[in-house]
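Colleague: I'd like to ask you about the structure that follows.
We did not get these values from a lab; they are worked out from the coordinates using the rules stated. As the structure is a prediction and not an experimental result, all values here were calculated from the model. In this analysis, Cβ positions are derived from the backbone assuming ideal geometry, glycine residues included, and neighbour counts consider all displayed protein chains.
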Amino acid sequence: MLSYEAARSRVIEVIRARASQPPKETIVYAQEPAQALGRVLAENISADRNYPPFNRSTRDGFAVRAADAAHAGAKLRMIGESRAGVAFSGTVDPGTCVQIMTGAAVPRGADTVVMLEHARVEGDAVVFDQPAQPHHNFVLAGSETRAGEVVVKAGAKLGYAELAMAAQVGRSKIIVSKRPRVAILSTGDEVVVVDQTPGPFQIRNSNSVSLAAQVAIAGGQPWLLGNAPDEIAQLRVLIERGLEADMLVLTGGVSVGKYDLVEQVLRELGAEFFFDALSIRPGKPAVFGWCKAKPVFGLPGNPVSTMVTCELLVVPAIELLSGQKPEPLPLFKAKLVHPVEQRAALTHFLPARVTWPSGEPTVSILHWEGSGDIGAVVRSNCFLVVHEAKLKLGAGEWVDVLPRRSAF
């Protein structure tokens, strides 16, 4: 039985060693940026010119020679204006100034911009109420980016800033890695489709929905295969179908009960297993293997267990298959509001909520009824991590928190 850290590392190690590089595709994103959002860039993007391409004003005001307005009360003749997109074509000579707008080019001869609030217009002249300081309120040409410089590196996950940069340097087409296709298969005779009225001892298939959402958030393309009954022949057919994808994720059927058949079928198909249990709660009976050149995960059937183990194990696998370097688990520290004690010698992931009542993060666990209680996760925005090495935590301690993706 592995710690979650060791299991996560093992997933990354195996997939790095065995998976091939993801295929690439070119997308034209400028008219529909959403299609590029979250994709992994498969090429470097370089600047086509210096940025800014001119000395750019960062304030509304007056472009001047600092020496001409070195003292409060200096009065200079205004000879024109420079606005964004339309630069002043002349030169700021001694004794003159040019009105300038934010984003406009600083004209030749000027070496500073005085803010509008620090000056007064009197006819065709400007009186400066404060001494001008050289090199204020403008950005030098090329100080942000130089022509030819790589501005977004291959392997970056594309967010709004990366897409804005690609657009700024004129890249309307970009090469990205294809999203890995992730087959999702739930198991169990007790599971029915979402729009079916369940019997008194049945449940709806929420696991496939939550897994599909987690896969999509992580950058994968979910492929829902439905539900397999607790019967070897049908389970085998659906598993073989799922192995046509880049990765297969199953939920349920991986414990030690009479009808937990997933590992048996995978073994018959030639699977190699790397672990079949984690030292955590919820999520202990989690399986990772390799079958027909594809990574395979068998996650527990209880909904919260499925959510936790997907975050810990499946997300880094998707990142690797997307051409991205796996991100570290995004733990952060928060101050515990109430004492917490767990008895089982495992690492516990407890539904919790972080708030910032006085500027620093505080965390409180939520009441929950165990790994089937989806409502507790709905009310949460994170999981409090109670590590196996320290099961008793006191109020006021700084503790580890795992954010729930998309909840912040």
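Colleague: Ranked by Cβ crowding within 10 angstrom, fewest neighbours first, how are Lys294, Lys75, Lys153 ordered?
Modeller: On the way: Lys294 19, Lys75 14, Lys153 11.
Exposure proxy ranking, most exposed first: Lys153, Lys75, Lys294.
Colleague: For a test of the definition: using alpha carbon positions, the gyration tensor, and the 1.5 limit on a/c, classify region 289-373 as rounded, prolate or oblate.
Modeller: Values: a/c = 2.95, a/b = 1.61, b/c = 1.84.
Oblate shape, in that a/c is at least 1.5 and b/c is the bigger or equal ratio.
Colleague: Leu331 versus Ala67, label points 7 Å from Cα toward the beta carbon: distance in nm?
Modeller: 6.1 nm
Colleague: Rank the residues Phe54, Phe62, Phe349 as a footprinting-exposure proxy: fewest other Cβ atoms within 10 Å of their Cβ go first.
Modeller: Numbers: Phe54 17, Phe62 29, Phe349 25.
Ranked by crowding around the Cβ, least crowded first: Phe54, Phe349, Phe62.
Colleague: Additional query: Students often get this wrong, so check it: of Lys178/Lys292; Lys284/Lys325; Lys157/Lys294; Lys294/Lys390, which have C-alpha atoms separated by over 32 Å? List each step's numbers first, then the result.
Modeller: Numbers: Lys178/Lys292 21 Å; Lys284/Lys325 26 Å; Lys157/Lys294 23 Å; Lys294/Lys390 37 Å.
The pairs that break the limit, which is 32 Å between Cα atoms, are Lys294/Lys390.
Colleague: Oh, and also: Only bridges with both residues in the chain count here: give the DSSP antiparallel percent, nearest 5. Mind showing how you got there, number by number?
Modeller: Details: 56 of 83 bridges.
Restricted to the chain, the bridges split so that about 65 percent are antiparallel.
Colleague: Hey, quick one: spin label on Arg108, modelled 7 Å out along Cα-Cβ, who in region 130-170 has an amide N within reach, i.e. under 15 Å?
Modeller: none
Colleague: Need one number: nm distance between label points at Gln196 and Leu391, each 7 Å from Cα along Cα→Cβ, rounded to one decimal.
Modeller: 4.0 nm
Colleague: For the chain, what is the calculated [θ] at 222 nm in deg cm²/dmol (nearest 500), taking -39500 (n - 2.57) for each run of four or more DSSP H residues and dividing by its residue count?
Modeller: Details: 8 runs with 75 residues, N = 408.
Result for the chain: -5500 deg cm²/dmol, rounded to the nearest 500.
Colleague: For region 269-337, which trypsin sites (Lys or Arg not before Pro) pass both filters: DSSP loop (anything but H, G, I, E, B) and at most 16 other C-beta atoms within 10 Å?
Modeller: Working: sites: Lys292, Lys333, Lys335; in loops: Lys292.
Those satisfying the criteria are Lys292.
Colleague: Output ³J(HN,Hα) for region 331-344: one whole-Hz value per residue in order, computed from phi by the Karplus curve 6.51 cos²θ - 1.76 cosθ + 1.60 with θ = phi - 60°, and x for Gly and Pro.
Modeller: 3J(HN,Hα) across region 331-344, in whole Hz: 6, 9, 9, 9, 8, 6, 7, 10, x, 9, 9, 10, 9, 5.
Colleague: PRE reach from Ser89 (point 7 Å along Cα→Cβ): which of region 106-128 fall under 16 Å by backbone N?
Modeller: Within reach of a label on Ser89: 107-108.
Colleague: Report, by chain and number, residues whose modeled amide H sits under 5 Å from the one on Thr251, excluding near sequence neighbours (fewer than 5 apart, same chain).
Modeller: Leu185, Ser186, Thr187, Leu299
Colleague: Let me know the shape class of the chain, please: from the alpha-carbon gyration tensor, a ≥ b ≥ c as square roots of the eigenvalues, rounded when a/c is under 1.5, otherwise prolate if a/b is greater than b/c, or oblate. Before the final figure, lay out the partial values.
Modeller: Working: a/c = 3.41, a/b = 2.18, b/c = 1.56.
Prolate, because a/c is 1.5 or more and a/b exceeds b/c.
Colleague: For labels at Glu341 and Phe408 in the simple 7 Å Cα→Cβ model, what's the distance in nm?
Modeller: So the two model labels end up 3.1 nm from each other.
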